[in-house]
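Here, each number is a calculation from the coordinates, and none is a lab measurement. The model shown is predicted, which means the values in this text are computed figures rather than measured ones. When we count neighbours, we look across all protein chains shown, and the Cβ atoms used for this are built from the backbone with ideal geometry, even at glycine.
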Amino acid sequence: RAPRRGRKLPRWLEPEEIAALLAAPQGDGFAAVRARAVLETLYSTGMRV
């Protein structure tokens with residue numbers, strides 16, 4: 001049996017890219033607040049999609 005190949009590490013985002021993502025949802029409507037909450041949750045917990 002051949003040895004397994006290692007997986008590549010995921011590419012991480014630079015602080016500027018994170019700031020741009022978190023600032024993307026505009027407005028105070030339900031969809032914008034929900035999008036902001038999802039992005040903040042993903043970022044602050046380190047979850048991957």
**Item:** Residue that is part of a loop (DSSP other than H, G, I, E, B), surrounded by 10 or more Cβ atoms within 10 Å (Cβ to Cβ) and within 10 Å of the chain's Cα centre (by Cα), where the choices are Leu22, Leu39, Leu13
**Value:** Leu13
**Message:** Just the residues that are of a type outside the set (Val, Ile, Thr) and touching a residue at least 12 places away in the same chain (Cβ under 8 Å), please, taken from segment 1-39.
**Reply:** Pro10, Leu21, Leu22, Ala24, Pro25, Arg36, Leu39
